[in-house]
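> The structure follows.
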Amino acid sequence: MASLALKNLFHDKIRLTVTLVGIVFSVVLSSIQLGLFVGFQRATSDILYFSNADLWIASKNVTHAEDGVPFSERKLYQALASPRVERIEKQIFQFTTWKKPDGADTGVLLVGFDLAGGMGAPWNITEGRIEDLNQPDAVMIEELYKDKLGVSRIGETVEIRGHRAKVVGFTRGIRSFTTSPPVFTSFKNAQNFFGLREDQTLFLVVKAKPGVDPESLKSELQSLMTDVDVYTRAEWTSKQRNYWMFGTGAGITVLIAAFLGLLVGVVVVAQTIYSATVDHIREYGTLKAMGASNFYLYRVIVTQAFLSGLIGYAVGMSVALLVSRISLEGTTAIILPKELVVGLFFLTILMCVGASVVSINKVTRIDPAMVFKG
Amino acid sequence: MPDRERIMKSIEVKNLVKTYGAAETAVHALKGVDLDVFEGELQLLVGASGSGKTTLVSIMGGILSATSGSCRIRGAETIGLGQKQLQKIRLDNIGFIFQGFNLFPALTARENVEVALDLKGFRGAEMRRRAGALLERVGLGAKLDAYPADLSGGQKQRVAIARALAGEPRIILADEPTAALDSFSGKLIMDLLQELAREKNRAVVVVTHDNRIFDYADRIVRIDDGRISERIMPEKGMAHHHGMMHTTFEPAAAV
Ligand SMILES: Nc1ncnc2c1ncn2[C@@H]1O[C@H](COP(=O)(O)OP(=O)(O)OP(=O)(O)O)[C@@H](O)[C@H]1O
Ligand SMILES: [Mg+2]
């Protein structure tokens, strides 16, 4: 039975090629779109996710992390009243403008963090040292955006919101979802760039004592303070992701493309398997006359669909993984986590087997008496 | 001795009626056919185009439902059975041979036979051995790995016979097996079918237009517009027959 399925599948090379191209296309398209989705999602929230903070305190009713409104640092002392708090630091996270050495303006995302504590600090520093950010006006940028920011080496100076700034280091792989690259600096420097009052901050980030449940600490802090909202890391990152991915519609677009990719796959596979079934209808009728059960014929068809899916997936996923690897060199990362790779495998197989249902329906209706017809 | 008669009858058709379609468009393909096919007998079914030959063998082979009447395959009534039961009866009792061979083009001669053996539950080395032996039996021992496209019509039909013989069915039904063949190949095929009837004591029914092969028949049944019009027992065919056969049916006579 398996050999019949296999041989029939490989007998018609052209049809097999069409089927496989369809599946490969579908796998590549949907995995790259989903990889983009994951990449975008990470880009929106990596800085938050890797900040090592347990809780965020923000002004009331922000819609996303770049939406903070200044509030008094007195809140910091109010929060410190809780004995379960290990540490609290001030943080700035906001869009602003950057004037390149050549005078052109571009948008950036300025991240000002507490150098002593380090929550929200850049990771993967490839050039320079984090302590260098202690210098007034010092900033660190992501090397993927060197061109965009008009900077090629350490020591170059630019302007941020009209203030002089000096590049003291580079990071590697900290992407931005928007067109504004991340720029890291000390909280103090950021305060200056924004002209924020000495006693004001945009956010407070909280590290809980070991063993303290962030959820319960959140409730406690919330009850200690008014005019601010407290978020856990999960809440804060998902607020950020949801805003950028769904609030702006950007994520929906890639998800729709991924879905369309799968749909194309289903249609192509269903179509080629169906036409293969129709072409072999006489053979299926002969099998039926010979005493094969419908179930036996289903197995032949499903095996063919399964094998097509297997080969198509292997080729398609190899291409997608290659593209994903190449993409990590650029500003738009296509990230294919293990779950996605495995999930798409099952989805592809399901799609191919599902697509063969139309054909199964066809062989069920074959009248074995057709075998004697000319 | 009704029991003995029952056993000897491989196929017993009584008052079989088949009407295709309904009302104005109804085609009365069979209008009450009585027919017996005995073990060890090669029976030819002849008649004009559209007389109902294919319809009759299709019902006898359990691949077409009848409108009314009775058809017993080795004693078991098949009219009114469901798809599942008919499938089992075909699997256990019947080998089909077709005018167009109906081989699987993607499979070699051996693999074509193996598909049938697989259906009958043979696997692995035993399946391979049997496929080889069956092809040997039809004189294609040297063509085991040839694809249908590389075989002549006669060779293809012999592969089809080997396939029909998988699992040693007691009944072989062939619709125009020689129509697509030259007379030499046709003779070869009929030799094989005759041998199956004689030596293996199978019931073999061959639908044909081909008067070149009438000599092979133990009995020729003529069908005319859905009715049996003539039953001929050629002398030659009779001479080969074992004694018991003679006692069980009427001397050749028109009905
Ligand atoms: N599926 C069908 N639907 C409707 N009418 C049919 C069908 N199959 C056969 N018939 C009709 O039934 C009659 C008998 O057909 P059948 O195929 O049994 O004849 P036949 O003797 O095998 O003819 P031939 O020698 O041309 O093969 C014909 O009139 C044919 O048109
Ligand atoms: Mg016919």
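> Under 15 Å from the Cβ of residue A:35, count the other residues' Cβ atoms, weight Lys and Arg +1, Asp and Glu -1, and hand me the total. All intermediate terms of the calculation are to be shown ahead of the outcome.
Values: positive: A:42, A:175, A:325, A:338; negative: A:329, A:339.
The answer is +2.
> Ok, one more. Taking the Cα centre of the protein assembly as shown as origin, work out the dipole magnitude from +1 charges on Lys and Arg Cβ and -1 charges on Asp and Glu Cβ, in debye rounded to 20.
Values: 71 positive and 65 negative charges, 159 e Å.
Result for the protein assembly as shown is approximately 760 debye, rounded to the nearest 20.
> Just the number, please: buried accessible area between A and B, total of both chains, 1.4 angstrom probe, nearest 100 square angstrom.
Interface area, both chains combined: 2200 Å², rounded to the nearest 100.
> Still on this structure, please answer the following. Give the relative contact order (percent, whole number) for the range A:61-226; include only Cα pairs under 8 Å separated by 6+ residues.
Numbers: 337 pairs, mean separation 54.8, N = 166.
Averaging sequence separation for qualifying contacts and normalising by length gives 33 percent for the range A:61-226.
> List the lysines whose alpha-carbon lies under 22 Å from that of residue B:84, not counting same-chain residues fewer than 8 positions away?
Qualifying lysines at Cα under 22 Å: A:288, A:362, B:18, B:120.
> Tell me which trypsin sites (Lys or Arg not before Pro) from the range A:87-136 have a DSSP coil assignment and no more than 16 other beta carbons within 10 Å of their own. Each step should come with its number before you reach the end.
On the way: sites: A:87, A:90, A:99, A:129; in loops: A:129.
Those that pass, being in a loop and sparsely packed, are A:129.
> For the range A:258-343, give the percent of accessible area contributed by carbon and sulfur heavy atoms, probe 1.4 Å, rounded to a whole number. Before the final figure, lay out the partial values.
Numbers: 2690 of 3700 Å².
Carbon plus sulfur share of accessible area: 73 percent.
> Could you give the size of the charge dipole of the range A:218-374 about its Cα centre, using +1 on the Cβ of each K and R and -1 on the Cβ of each D and E, expressed in debye and rounded to the nearest 20? Mind showing how you got there, number by number?
Working: 12 positive and 9 negative charges, 121 e Å.
Value, rounded to 20: 580 debye.
> While we're here: Around residue A:125, under 12 Å between beta carbons, what's the net of Lys plus Arg minus Asp minus Glu among the other residues? Before the final figure, lay out the partial values.
Working: positive: A:129, A:172; negative: A:127, A:131, A:132, A:142, A:143.
Around residue A:125, the surrounding residues sum to -3.
> Another question, then. Accessible area of the range A:61-226 with a 1.4 Å probe: how many percent of it is carbon plus sulfur?
Details: 3480 of 7200 Å².
Here it works out to 48 percent.
> Stretch residue A:310-residue A:7 to full length: gain in nm at 0.36 nm per residue minus the Cα-Cα span? Provide the component values of the computation, followed by the final result.
Values: separation 303, 0.36 × 303 = 109.08 nm, distance 1.57 nm.
The span from residue A:310 to residue A:7 would gain 107.5 nm if fully extended.
> Within 10 Å of each candidate Cβ there may be at most 10 other Cβ atoms; applying that plus a DSSP loop requirement, which GluC sites (Glu not before Pro) in the range A:130-184 survive?
Numbers: sites: A:131, A:142, A:143, A:156, A:159; in loops: A:156.
Sites meeting the loop and neighbour criteria: none at all.
> On the first, second and third principal axes, largest extent first, how far apart are the outermost C-alpha atoms of chain A in Å?
Largest first, chain A extends 94, 50, 30 Å along its Cα principal axes.
> Oh, and also: Can you tell me which aspartates and glutamates have their Cα less than 13 Å from the Cα of residue B:14? Leave out same-chain residues fewer than eight positions away.
Within the straight-line limit of under 13 Å, residue B:14 reaches these aspartates and glutamates: B:34, B:36, B:77.
> Where only protein heavy atoms count, and the probe is 1.4 Å, what is the accessible area per residue for the range A:235-288 in Å²? Don't skip to the answer; put the middle values down first.
Values: 2240 Å² over 54 residues.
Result: 41 Å² per residue.
> What does the charge count near residue A:367 come to, summing +1 for each Lys or Arg and -1 for each Asp or Glu among other residues with Cβ under 10 Å from its Cβ? Mind dumping the intermediate values first?
Working: positive: A:288, A:365, A:373; negative: none.
Net charge around residue A:367: +3.
> Can you run phi through the Karplus equation (6.51, -1.76, 1.60; θ = phi - 60°) for the range A:172-182 and list ³J(HN,Hα) in whole Hz, with x for Gly and Pro?
Here the 3J(HN,Hα) series is 10, x, 9, 8, 10, 7, 8, 7, 9, x, x Hz.
> Per residue of the range A:195-202, what does 6.51 cos²θ - 1.76 cosθ + 1.60 with θ = phi - 60° give for ³J(HN,Hα)? Whole Hz please, x for Gly and Pro, Karplus curve as stated.
x, 6, 4, 2, 9, 10, 9, 8
> Round to a whole number: what % of the accessible area of chain B belongs to carbon and sulfur, probe 1.4 Å?
Working: 5490 of 10700 Å².
The value for chain B is 51 percent carbon and sulfur by accessible area.
The values are calculated or read from the model by the stated rules, or taken from the named source; none is laboratory data. Computed from a predicted model, the values in this text were never measured in an experiment. Here the Cβ is made from the backbone with ideal geometry for all residues, glycine too, and neighbour counts use every protein chain on show. Only protein heavy atoms, including side chains, enter the accessible area calculation; ligands, DNA and RNA are left aside. Shrake-Rupley method; radii C 1.70, N 1.55, O 1.52, S 1.80 Å.
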